[in-house]
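Structure first, then comments.
The values are calculated or read from the model by the stated rules, or taken from the named source; none is laboratory data. From a predicted model like this one, the values you see are computed outputs, not experimental measurements. With ideal geometry, Cβ positions are generated from the backbone for all residues, glycine too; neighbour counts draw on all protein chains shown. Protein only, heavy atoms only, side chains kept; ligands, DNA and RNA dropped before computing areas. Shrake-Rupley method; radii C 1.70, N 1.55, O 1.52, S 1.80 Å.
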Amino acid sequence: EAGVAQSPRYKIIEKRQSVAFWCNPISGHATLYWYQQILGQGPKLLIQFQNNGVVDDSQLPKDRFSAERLKGVDSTLKIQPAKLEDSAVYLCASSTGGVEQFFGPGTRLTVL
Amino acid sequence: QKEVEQDPGPLSVPEGAIVSLNCTYSNSAFQYFMWYRQYSRKGPELLMYTYSSGNKEDGRFTAQVDKSSKYISLFIRDSQPSDSATYLCAMRVGSGGSNYKLTFGKGTLLTVNP
């Protein structure tokens, strides 16, 4: 079974630029999550989708972050404009609704 | 006070040692308690989980939950160099909708020396 795919794996941008990350969850997983993991910290949930609807986006900085999940499958997370403090690893995870969330390898973002 | 507190370490032990990793939490509504392992430059992977209080054993790993003290532990017996990773505790309230949300500790970096 293929795991959660994410791209790109690494991205370096200047502050105030925009960036987008892509996630392809495990086939059949209805629930998709985006997490932000700052160096030395645990992942923090940014947004949770159930199929293509948003369940929880309470910790998403909506003035600069946006996310969508097209047709309940792939998802993109966008940052516009980026700030220095957005430097982090952005993790995508998916699940069937059971206990286990399956994580992708993450996208490491550096904002200069 | 953060919802989940975890000593970030780092923790360095010799091969074969018993390792104890711990987290405390403040939200009494948490019902599911997980331990994730994260290798460098990889995503976290679930090691084991416990529902409510009690112990759970899986090979060399034992998870304990004490809800009265709001304290959870992961024990690794006969530690191996391949166990070297960051260990993250995570918790969630229940099932359904936003209850799937995981709250993570900061993670403890473990190094097992041959």
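Odds and ends about this structure:
- Heavy-atom accessible area, 1.4 Å probe, ligands and nucleic acids excluded: residues of segment A:46-63 down by at least 20 Å² from chain alone: A:48, A:55, A:56, A:59
- A viscosity of 0.890 mPa s and a temperature of 25 °C, combined with the Kirkwood radius over Cα pairs in Stokes-Einstein, give a translational diffusion coefficient for segment B:4-113 of 175 µm²/s.
- Among the protein heavy atoms, those of residue B:67 account for about 50 Å² of accessible surface (1.4 Å probe, every chain in place).
- Solvent exposure ordering (accessible area, 1.4 Å, most first) of A:96, B:62: A:96, B:62
- Kirkwood Rh and Cα Rg combined as Rg over Rh, evaluated for segment A:5-111: 0.94
- Using C-alpha pairs below 8 Å separated by at least 6 residues, the relative contact order for chain A is 37 percent.
- Selection of GluC sites (Glu not before Pro), segment A:12-87, meeting DSSP coil and at most 14 other Cβ within 10 Å: A:14
- Taking the empirical scaling 2.2 N^0.38 Å for compact globular proteins as reference, segment A:1-65 has a Cα radius of gyration ratio of 1.23.
- Residues losing 40 Å² or more accessible surface upon assembly, segment A:92-106, compared with the chain by itself, 1.4 Å: A:97, A:99, A:100, A:101, A:103
- Projected-area mean, the protein assembly as shown, by convex hull of Cα positions, square nanometres: 12.5
- When A:49, B:75 are compared by accessible area of protein heavy atoms, the largest-first order is B:75, A:49, using a 1.4 Å probe.
- As a size descriptor, the averaged projected area of the C-alpha convex hull of segment B:1-41 was calculated at 4.4 nm².
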